[in-house]
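A.B. asks: This is the structure I have questions about; it appears just below.
Nothing in this text is a laboratory measurement; each read-out follows from the coordinates by a stated rule. Computed from a predicted structure; not experimentally measured. Note: ideal-geometry Cβ built from the backbone for every residue, glycine included; neighbour counts use all protein chains shown.
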Amino acid sequence: MTEGPDGVLTLETAEGITERVLRDLAREAAPPPFSVRALRPLPPVPPGERAIAVDQTNHSVVAGETVVVKWFPRPSRAPHPAPGLLAHLAGFGRTATPYAAVYWEDALVALVTAYLPEARDGWEWCVDEAEAGRTGFAAEVGALAAELHLAMATPSAVFPGPVRLSRPGEGAWRARAEEALREALALTDGADGAWLAGRAEALRRELEPLARTPATPLIRVHGDLHVGQILRWRDGYAVVDFDGNPTVADADPYQPAARDLAQLTTSVDHAGQVAVRRRSADPDATAAWAAAARRGLTAAYARTLARAGRADLLDRSLLRPFEVEQECRELIYAARHLPRWRYAPMGVLRAWYA
């Protein structure tokens, strides 16, 4: 671990460090200079490790085909949401079992969770579904998202009061969404920028419901709930990566459940765009697939909440504005970090405002 003059931390993990840390965790010892927050007893871990090559932001290592250690190359001293959320979700069985959080001083440097055999994330399996035109997954994924939110809304020792009530007409939501629209307009250039500018008023009108919302329940949301965080593995589906939204700084962790759901539904559209771009899927057929999958996912989500007696957790009036805001954030992300990704949100917006 090194700390630059500006206070920025950089973590480099040498070969074998993962196995060493796990050996120390098994002995319930903190490997100096680290400290550990134990979440569950660590199972026996056979020798051997391999990196997960598709993890680009972090450095994830599978140890003994039993656990995954996700190292954060740029740790932050700011409070990290994942350890608290994972501790709160102790009774939620639809995620990779969390075992420990590893810290260097006050910075989270690694999370240790169970390895899910044969796991593929949604940027693989959902794109397969888009290419094939299959929508059966939508009901399962919608129910999974609702089960996650029901667990988030259940009191625990970590969060004894997990549900709050917003103020009517929560102006901060509209201001946040309009700022995202302004930034997307400023950062999107060329023909895409001209097209977007021509739809700016239509997009702005979509955000107006955020200015007149009634009081609605707020919960600790996932914060970055897209299909890439939904793993399809040997035993079904699981939601992972509770690290929060990397594109939104200082966001209140308590948000309407509709914000997570909106990000999940728009990511289905993005999977369709990936299928069009990379697998030559038919654009019209894929747009119809995405619309059907979104409907099925949202219906299953609402149905699962209703069966649990918590239909109040979903304020449907927020869904469309949050979806529009999310597409703006995708354009911001593309402009700042991954220019080649712009085709996905632009493809979705062109389909919506054809």
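A.B. asks: Using the Cα centre of the range 120-352 as origin and beta-carbon charges of +1 (Lys, Arg) and -1 (Asp, Glu), tell me which of G236, T188, L165 is placed farthest towards the positive end of the dipole.
C.D. replies: Sorting the options by dipole projection puts first L165.
A.B. asks: Taking the Cα centre of the range 105-188 as the origin and placing charges on Cβ (Lys, Arg +1; Asp, Glu -1), which of C126, V141, V109 is farthest toward the positive end of the dipole?
C.D. replies: V141
A.B. asks: In the chain, once you exclude exposed GluC sites (Glu not before Pro) (DSSP loop, at most 14 other Cβ within 10 angstrom), what's the longest stretch remaining?
C.D. replies: The longest uninterrupted stretch comes out as 119-354.
A.B. asks: To the nearest 0.05, what FRET efficiency results for R77 and R316 with a Förster distance of 56 Å applied to their C-beta separation?
C.D. replies: 0.90
A.B. asks: I've got another one for you. Given A292, G48, P246, which one lies farthest toward the positive end of the charge dipole of the chain, if we put +1 on the Cβ of every Lys and Arg and -1 on the Cβ of every Asp and Glu?
C.D. replies: So the residue we want is A292.
A.B. asks: First check a/c for the range 120-352, with a ≥ b ≥ c the square roots of the eigenvalues of its C-alpha gyration tensor; if it is under 1.5, answer rounded, and if not, answer prolate when a/b is larger than b/c or oblate otherwise.
C.D. replies: Verdict is oblate for the range 120-352.
A.B. asks: Given an 8 Å cut-off on Cα distances and at least 6 residues of separation, report the relative contact order of the range 170-267 as a percent.
C.D. replies: Worked out over the range 170-267, it gives 29 percent.
A.B. asks: Each residue of the range 132-149 in order: what ³J(HN,Hα) in whole Hz does its phi give by Karplus 6.51 cos²θ - 1.76 cosθ + 1.60, θ = phi - 60°, with x for Gly and Pro?
C.D. replies: Here the 3J(HN,Hα) series is 8, x, 8, 10, x, 5, 4, 5, 5, 6, x, 5, 4, 4, 5, 4, 4, 5 Hz.
A.B. asks: Run the dipole for the chain about the Cα centre, Lys and Arg Cβ at +1, Asp and Glu Cβ at -1, nothing else charged, and hand back the magnitude in debye, nearest 20.
C.D. replies: 780 debye
A.B. asks: Moving to a separate point now. Could you work out how far helix 17-26 tilts from the main Cα principal axis of the chain, as a 0 to 90 degree angle to the nearest 10?
C.D. replies: Rounded to the nearest ten degrees, it is 70.
A.B. asks: What is the gain in length, in nm to one decimal, between E3 and H337 on full extension, counting 0.36 nm per residue of separation less the C-alpha to C-alpha distance?
C.D. replies: 117.9 nm
A.B. asks: Another question, then. Please label the shape of the range 282-345 as rounded, prolate or oblate, based on the square roots a ≥ b ≥ c of the eigenvalues of the alpha-carbon gyration tensor (a/c under 1.5 means rounded; beyond that, a/b larger than b/c means prolate, else oblate).
C.D. replies: Oblate.
A.B. asks: Another question, if that's okay. Give a residue-ordered list of calculated ³J(HN,Hα) values for the range 100-115 (Karplus: 6.51 cos²θ - 1.76 cosθ + 1.60, θ = phi - 60°; whole Hz; x for Gly, Pro).
C.D. replies: 6, 10, 10, 10, 10, 6, 9, 9, 6, 10, 7, 10, 10, 9, 5, 8
A.B. asks: How large is the Rg to Rh ratio of the range 16-147 when both quantities use alpha carbon positions and Rh follows Kirkwood?
C.D. replies: The Rg/Rh ratio comes out at 1.01.
A.B. asks: Explain nothing, just the number: dipole magnitude of the range 2-114 about its Cα centre with +1 on each Lys and Arg Cβ and -1 on each Asp and Glu Cβ, in debye rounded to the nearest 20.
C.D. replies: Magnitude of the dipole: close to 400 debye.
A.B. asks: Quick check: Cα centre of the range 151-198 to Cα centre of the range 284-325, how many Å?
C.D. replies: The two parts, judged by their Cα centres, are 17 Å apart.
A.B. asks: Which ³J(HN,Hα) values, rounded to whole Hz and listed in residue order, are derived for the range 293-306 from phi using the Karplus coefficients 6.51, -1.76 and 1.60 in 6.51 cos²θ - 1.76 cosθ + 1.60 with θ = phi - 60°, glycine and proline given as x?
C.D. replies: Per-residue couplings from phi come out as 5, 4, 4, x, 5, 5, 5, 5, 4, 5, 5, 5, 4, 4 Hz.
A.B. asks: Distance in nm between label sites at A202 and R50, each 7 Å beyond Cα in the beta-carbon direction?
C.D. replies: It works out to 4.8 nm between the two label points.
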